[in-house]
Each structure stands twice: as structure tokens, then as C-alpha cells.
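Okay, so here's the structure we're looking at.
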Amino acid sequence: DQQVKQNSPSLSVQEGRISILNCDYTNSMFDYFLWYKKYPAEGPTFLISISSIKDKNEDGRFTVFLNKSAKHLSLHIVPSQPGDSAVYFCAASDWGNYQLIWGAGTKLIIKP
Amino acid sequence: KAGVTQTPRYLIKTRGQQVTLSCSPISGHRSVSWYQQTPGQGLQFLFEYFSETQRNKGNFPGRFSGRQFSNSRSEMNVSTLELGDSALYLCASSLATGNTIYFGEGSWLTVV
């Protein structure tokens, strides 16, 4: 059973517009969430994280929102740039088991 | 500060052979985890080590094993290679449990 779900395998957004990537989770014990960006043939790069005690965290063009009641988080990228084209993974901490639980990823394509 | 270093970056092996992949974590990081990514798939957790102890293992056959040394460097080994083992193997390190993990560039394994 997938505990972290990214239901959109891909997303296409016009350059300069907002990109919104979504992630849902099922385990209410998760207390820390992270977003990673991955280019082909490279390791994922950490983007931004959020603790369950917050509902928003911002870093430059990237903002992550957490809705604990809905068990939902989203990553907003504003404005979207061509270099943002990549696969984005969300992950939730299951530190009791010493691991992160990963979503399947969403491929973001930024159109010129 | 050097990032996570994985060697080799690329390798080709024959079915039935074994392979050892190496990972040097970021200096000061004591937790090392390994992931497998096959084309079109998300990140599959292999195992996590902390202070030379394996604390968790993913759902992989016993052909996949690993270890961590006293200097936190880690190796993973795959024996009796199968074609399906062709993948990008990623190592990640973190200071300790509960911290953000940082990935290396990965080792591309092709089994022919």
C-alpha cells in the first residue's frame, strides 16, 4: 500500500506561470516532508522541506504547503523556468523505521 | 564541503557476476542509505546504515547486501546479477535520523 502518492505522473506548464505539484500521504505519524528534484541519470537534489508543525515554508521561488487535516502537501514554483523541467519527488519521514517513504514522482515539463 | 561520492559511476556486468558499489558520505554524516531506481520507476529503498549497523532493509532479495565502515563509508554488493538488476543505484547520507538526506550522483549498473 502506497503511503505517499503523487497522482500526476506528468505536468506541463508554460514558462513564467506557476507550477503546482501535489502529494498525498496516508500515515498521520509522518512529521517531516521533503521535496527533491531529479534530472535524468543524476541523483535527486534536495529542494525544500517542511515540518508538521508548520503549514508553509518558502525558499525563493519554491513554496511548500502542508495541510495536515487533508494529509496533503503541495510544491509551488513561481515563476516556472525551463531549468525546472525535471522529475519531482515528495518524501515523508518514517524515522521510526529509519527511512523516507517516497512518492512515485511527477515529471514537470516547462514549455517555452 | 564535498558531497556524497559514489564509485564507479558507470559499469557493465554479465549475468551471474557480482558487483560492489562504494559510497563516501558527506563529512560528518553518519547515516547512509541506498536506493535503486529503474527506468520509469520511483526510488526503491534498499537499506540504511548508521554507525556500522543496518537499521532497516527494503524488500529486496538476499542477493543485495551492504555494510558500513567505521569512517561511515558504505558499500553495497549484489551477487548473482540478473538482467533486472540494471538500474541507477543511489547512495544518500545524513547527519542522523530525522535530518534531510543528500544524494550522490549514483552508479549506473547495466547487466548484460
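The values are calculated or read from the model by the stated rules, or taken from the named source; none is laboratory data. Given the structure is predicted, the values throughout are model-derived calculations rather than measurements. Every residue, glycine as well, gets a Cβ built from its backbone with ideal geometry; the counts of neighbours run over all protein chains shown. Accessible surface areas use protein heavy atoms only, side chains included; no ligands, DNA or RNA. Shrake-Rupley method; radii C 1.70, N 1.55, O 1.52, S 1.80 Å.
Across segment B:60-68, rounded Karplus estimates of 3J(HN,Hα) from the backbone phi angles (6.51 cos²θ - 1.76 cosθ + 1.60, θ = phi - 60°) give 10, x, x, 5, 9, 9, x, 7, 10 Hz, Gly and Pro being marked x. Put simply, the convex hull of the Cα atoms in chain A casts, on average, a shadow of 6.9 nm².
With Cα atoms defining each centre, segment A:74-112 and segment B:1-48 are spaced 20 Å apart in the structure. Both chains summed, the buried accessible area for A and B stands near 1600 Å², from protein heavy atoms and a 1.4 Å probe. Taking amide H positions as modeled 1.01 Å from N, with prolines and chain starts lacking one, the residues under 5 Å from A:Ala104 and 5 or more places away or on another chain are A:Gln6. For the pair B:Thr110 and B:Asn77 in one chain, pulling the backbone fully straight at 0.36 nm per residue adds 10.4 nm over the alpha carbon distance.
Based on C-alpha pairs under 8 angstrom that are at least 6 apart in sequence, segment A:48-112 has a relative contact order of 22 percent. Students often get this wrong, so check it: of A:Lys5/A:Lys56; A:Lys38/B:Lys13; A:Lys5/B:Lys57; A:Lys5/A:Lys68; A:Lys56/A:Lys111; A:Lys5/A:Lys54, which have C-alpha atoms separated by over 23 Å? Where the Cα-Cα span goes over 23 Å, the pairs concerned are A:Lys38/B:Lys13; A:Lys56/A:Lys111.
Of B:Gln17, B:Gln68, B:Gln37, which is the most mobile in a GNM of chain B whose springs link Cα atoms less than 10 angstrom apart? Comparing B:Gln17, B:Gln68, B:Gln37 in a Gaussian network model of chain B, the most mobile one is B:Gln17. Annotation for segment A:1-38: trypsin sites (Lys or Arg not before Pro) lying in DSSP loop with at most 15 further Cβ atoms inside 10 Å of their Cβ are A:Arg17. For the protein assembly as shown, what is the percent of antiparallel DSSP beta bridges, rounded to the nearest 5? For the protein assembly as shown, the DSSP antiparallel bridge percentage is about 90. Between segment B:89-112 and segment A:1-54, what is the C-alpha centre distance in whole Å? A separation of 18 Å, based on Cα centres. Coupling constants for segment A:90-99 follow from the phi torsions by the Karplus curve (6.51 cos²θ - 1.76 cosθ + 1.60, θ = phi - 60°), and in residue order they are 9, 9, 10, 7, 10, 5, x, 10, 6, 7 Hz; glycine and proline get x. Exposure check, 1.4 Å probe, all protein chains in place: B:Glu82 carries approximately 90 Å² of accessible surface.
You can think of it this way: the chain between B:Thr14 and B:Arg67 has 16.8 nm of extra reach, that is 0.36 nm per residue less the Cα-Cα gap. Our coupling estimate for segment B:78-88, obtained by passing each phi through the Karplus curve with A = 6.51, B = -1.76, C = 1.60 and θ = phi - 60°, is 10, 9, 6, 4, 10, 4, x, 7, 4, 5, 9 Hz, Gly and Pro reported as x.
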